[in-house]
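Undergrad: Below is a structure I'd like to ask you about.
The values are calculated or read from the model by the stated rules, or taken from the named source; none is laboratory data. Being a predicted model, the structure only gives us computed values, none of them experimental. Please note: Cβ atoms are built from the backbone with ideal geometry, for glycine as well, and neighbour counts cover all protein chains shown.
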Amino acid sequence: MKLITWFLSLLAVYAEVALGCPIYPLELIQRALLRGPLVTNINSSPNQWSGRTTINSGSATSTVSTFSVNSDSVFNLAVQAALPAAYITRGTVAFTNSAAVTATVSTSAVYSGQTILTSFLSETATGSSGIGGGTLRVNSVVNGVSFAISTVDSQAIGTLAPVANWAIEQAEPQGIKVNSISSSNYFILGWADGRARPVDTVVMWEIRRGS
């Protein structure tokens with residue numbers, strides 16, 4: 001009888017401590033045995049709370065249907081992009097000689113409609129006839145293949161065979177946000193700048209309850 005009373009007393013003390021603890025009681029029991037990383041279920045289901053969703057090439061958003069989302073949900077997001085061959089978003093290109101009119105950059109990251117930044121590597125490389133400073137422009141674009149850089153007036157470079165810098169910042173697969181949420185129905189992932197990328201990009205996501 002005393003043993004039973006002692007056991008019930010011990011159980012009552014544990015219940016009091018467990019209920020007053022911010023950690024779920026079962027987690028408290030197993031905490032000493034937690035020897036590896038936490039895992040999460042990414043299997044597709046109506047109440048899915050984590051998973052992988054692809055934002056397709058040429059699209060700026062993707063919709064995820066799940067009952068687990070609410071307007072106060074907190075999201076963990078990460079980008080996983082499988083880049084195709086020669087997917088280069090910045091670099092340099094040399095004009096072959098002083099008589100050159102254009103210089104061609106080969107990269108599978110380029111698509112029409114993108115903002116491509118160009119500049120001379122050296123400010124002394126200025127010799128385009130009729131232009132103060134030999135300003136550069138994008139002459140043509142072959143989607144997913146290459147683009148050509150030339151002077152604004154399409155004249156030969158002139159006195160030098162300079163090197164030009166170039167960058168396609170919006171082609172870089174980074175910057176994901178949650179565009180909108182429909183509670184207990186779906187949420188929409190999208191690129192933060194609202195522009196599509198020329199590559200399929202997998203977004204790894206996890207929903208945390210906000211309250």
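Undergrad: Would you point out which residue out of Ile207, Ile188 is in contact (Cβ under 8 Å) with a residue 24 or more places away in the chain, touching a Phe, Trp or Tyr at 6+ places or on another chain (Cβ under 6 Å) and either surrounded by fewer than 21 Cβ atoms within 10 Å (Cβ to Cβ) or in a strand (DSSP E or B) (or both)?
TA: Details: Ile188 fails: touching a Phe, Trp or Tyr at 6+ places or on another chain (Cβ under 6 Å).
Just one listed residue meets the conditions, Ile207.
Undergrad: May I ask you to list pairs of residues, at least six apart or on different chains, whose Cβ atoms are under 6 Å apart, with the first in the stretch 80-100 being under 8 Å from Ala161 (Cα atoms) and the second being surrounded by fewer than 15 Cβ atoms within 10 Å (Cβ to Cβ) and of a type in the set (A, V, I, L, M)?
TA: Once the first residue is under 8 Å from Ala161 (Cα atoms) and sits in the stretch 80-100, its partners that are surrounded by fewer than 15 Cβ atoms within 10 Å (Cβ to Cβ) and of a type in the set (A, V, I, L, M) give Ala94/Val163.
Undergrad: Restricting the search to the stretch 63-121, which residues are touching a Pro at 6+ places or on another chain (Cβ under 7 Å) and of a type in the set (Phe, Trp, Tyr)?
TA: Once the filter is applied, which keeps residues that are touching a Pro at 6+ places or on another chain (Cβ under 7 Å) and of a type in the set (Phe, Trp, Tyr), the stretch 63-121 yields Phe67, Phe95, Tyr111, Phe120.
Undergrad: Which count do you get for residues in the stretch 81-100 that are part of a strand (DSSP E or B), among the small types (Gly, Ala, Ser) and within 24 Å of the chain's Cα centre (by Cα)?
TA: The total comes to 2.
Undergrad: Also, I was wondering about something else. For the stretch 177-201, give me each residue that is among the aliphatic types (A, V, I, L, M) and either assigned by TED's automatic domain parsing to the domain that holds Thr107 or within 22 Å of Ser45 (Cα to Cα) (or both). Give the derivation first.
TA: Pass one, the stretch 177-201, residues among the aliphatic types (A, V, I, L, M): 178, 181, 188-189, 192, 196, 199.
Correct list: Val178, Ile181, Ile188, Leu189.
Undergrad: Another one. Exactly one condition in (1) among the small types (Gly, Ala, Ser); (2) more than 20 Å from the chain's Cα centre (by Cα); (3) at pLDDT below 90 is not met by Ala103; state its number.
TA: (3)
Undergrad: Quick one: which strands (runs of 3 or more DSSP E) sit completely within the stretch 113-167 and have at least 3 residues that are at pLDDT 90 or above and touching a helix residue (DSSP H, G or I) at 6+ places or on another chain (Cβ under 9 Å)?
TA: none
Undergrad: Quick check on the stretch 28-40. Is at least one of its residues of a type outside the set (A, V, I, L, M) and either under 26 Å from the mean Cα position of the chain (by Cα) or modelled with pLDDT of 90 or more (or both)?
TA: Yes: the stretch 28-40 contains one or more residues that are of a type outside the set (A, V, I, L, M) and either under 26 Å from the mean Cα position of the chain (by Cα) or modelled with pLDDT of 90 or more (or both).
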